[in-house]
1. Given the DSSP H assignment, sum -39500 (n - 2.57) over each helix run of at least 4 residues in the chain and divide by its residue total; what's the result at 222 nm in deg cm²/dmol, nearest 500?
2. Straight-line reach from Lys51: which aspartates and glutamates have a Cα under 18 Å away, not including same-chain ones fewer than 8 places off?
3. Would you look at the GNM of the chain, springs on alpha carbons closer than 10 Å, and say which of Asp121, Asp167, Asp92 moves the most?
4. Label 7 Å along Cα→Cβ of Lys144; region 22-48 residues with amide nitrogen under 14 Å?
5. What is the distance in Å between the Cα centres of region 69-101 and region 140-194?
6. Explain nothing, just the number: dipole magnitude of the chain about its Cα centre with +1 on each Lys and Arg Cβ and -1 on each Asp and Glu Cβ, in debye rounded to the nearest 20.
7. What base-10 log of the normalised intensity I(q)/I(0) is obtained for the chain from the Debye formula, alpha carbons as equal point scatterers, at q = 0.16, 0.18 Å⁻¹?
8. Among Glu178, Glu29, Glu127, which one moves the most in a GNM of the chain with springs linking Cα atoms closer than 10 Å?
Amino acid sequence: MFLEPAFKSQRSGWIEVICGSMFSGKTEELIRRLKRARFANQKVQIFKPSKDTRYDERQVVSHDDNALLSTPVQHSSQILILPEDIQVVGIDEVQFFDLEIIKNVQKLCDRGIRVIIAGLDMDFRGEPFGPMPGLLAIAEYITKVHAICPHCGNLATHSYRISEEEDTIVLGEKDKYEPRCRACFGMGKILTFS
Ligand code: ZN
């Protein structure tokens, strides 16, 4: 389990990335860390890309209804608009942001802010997703979480798209995706439950 470093003695902020496939518990882990920060009386701000409209517009919502309020933003530069006293920034579904988010989270660190980011590391083709490779490169701490492959029970790293759509961004949940291990992901359509 991730334990926070001794933030009291640090003058600059740092970046934590929580990555993995769909249904791996990324958002739950993000919420866990943000709630711990709140219990420690730290001022927390949460963002998500406004593209992600699967649930309530204003919430970071995970699959178990363990939700925190968030601010939807269209461009990553908007995360720089913050009250002075914010100490921790959480960002969910970060793979949907523009590439400038890599610079912008570092600007937050320069202000002494702890930045916790959660997102998909790979798209449905198994390719690195949007700004995630860059964010993983600049992060101080990386946590890769895994789902369970429903076909073989191994750890799942990939998000297999069950539906036929070809766009990189297709919002959906269990109706459109399932987590798979590398081997089952490679088998593609041969594996179905029907
Ligand atoms: Zn498998």
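The values are calculated or read from the model by the stated rules, or taken from the named source; none is laboratory data. Model, not experiment: these values are computed from the prediction. No Cβ is skipped: glycine too gets one built from the backbone with ideal geometry, and neighbour counts run over all protein chains shown. Keep in mind that these areas ignore ligands, DNA and RNA; they rest on the heavy atoms of the full protein, side chains included. Shrake-Rupley method; radii C 1.70, N 1.55, O 1.52, S 1.80 Å.
1. It lands at -5500 deg cm²/dmol.
2. The qualifying aspartates and glutamates are Asp92, Glu93, Asp98, Glu100, Asp121, Asp123, Glu165, Glu166, Asp167, Glu173.
3. Residue with maximal mean-square fluctuation among Asp121, Asp167, Asp92: Asp167.
4. Only 22 pass the distance filter.
5. Going from one Cα centre to the other spans 27 Å.
6. 640 debye
7. So the normalised log intensities work out to -0.99, -1.23.
8. Glu127
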